[in-house]
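J.: Sending over a structure as structure tokens; questions will come in a sec.
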Amino acid sequence: LISISFCRMLVMLGTLCLRLWIAGTLLYAGGRWLSNTSSLSDLLLNCAALVFVLELDELLYMTLVPSFVQGIVSRLQPLPLRQERLFRGLSWRSVAVLVGCAAYVT
């Protein structure tokens with residue numbers, strides 16, 4: 001496989017945008033929900049509920065997708081990526097994640 005058709009690229013980008021929107025919404029709502037918890041026991045219970053919501057897609061995949069299809073997906077090889085450019089040994093992605101986490105906390 002050398003390239004992806006334009007139609008598949010659009011579907012992939014749409015799916016990526018949807019997943020990022022869901023993850024961002026869960027991050028914001030989950031953080032607000034956990035920050036409004038007052039007692040330790042409620043905090044632990046709310047953390048467990050949030051983890052369940054975050055792992056629900058994997059649970060649905062494991063239960064609804066046939067094992068034959070799961071086997072095919074597990075045998076897929078990843079596409080090779082270009083070498084990432086570094087600035088003094090530091091990736092720009094790690095800096096972006098650090099800045100994003102610091103912005104979220106403050």
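J.: Considering each of 37, 25, 106 in turn, give the residue that is at pLDDT 85 or above and of a type in the set (Ser, Thr, Tyr).
T.: 25
J.: Something else: For the range 43-53, give me the residue count where each residue is open to solvent by 70 Å² or more (accessible area, probe 1.4 Å) and over 17 Å from residue 23 (Cβ atoms).
T.: Number of matching residues: 2.
J.: Taking the range 21-42 as the search range and keeping residues that are among the β-branched types (Val, Ile, Thr) and open to solvent by 60 Å² or more (accessible area, probe 1.4 Å), which one is farthest from residue 101 (Cα to Cα)?
T.: Residue satisfying both the conditions and the ranking: 22.
J.: Could you check how many residues of the range 56-106 are within 22 Å of residue 36 (Cα to Cα) and open to solvent by 90 Å² or more (accessible area, probe 1.4 Å)?
T.: Here the count works out to 3.
J.: Scan the range 54-68 and give yes if some residue there is in contact with a helix residue (DSSP H, G or I) (Cβ under 6 Å, 6 or more places away or on another chain) and modelled with pLDDT under 85, otherwise no.
T.: no
The values are calculated or read from the model by the stated rules, or taken from the named source; none is laboratory data. This one's a predicted model, so the numbers in the text were calculated from it and none came from an experiment. Here the Cβ is made from the backbone with ideal geometry for all residues, glycine too, and neighbour counts use every protein chain on show. Please note that ligands, DNA and RNA were not included when accessible areas were found on the heavy atoms of the full protein model with its side chains. Shrake-Rupley method; radii C 1.70, N 1.55, O 1.52, S 1.80 Å.
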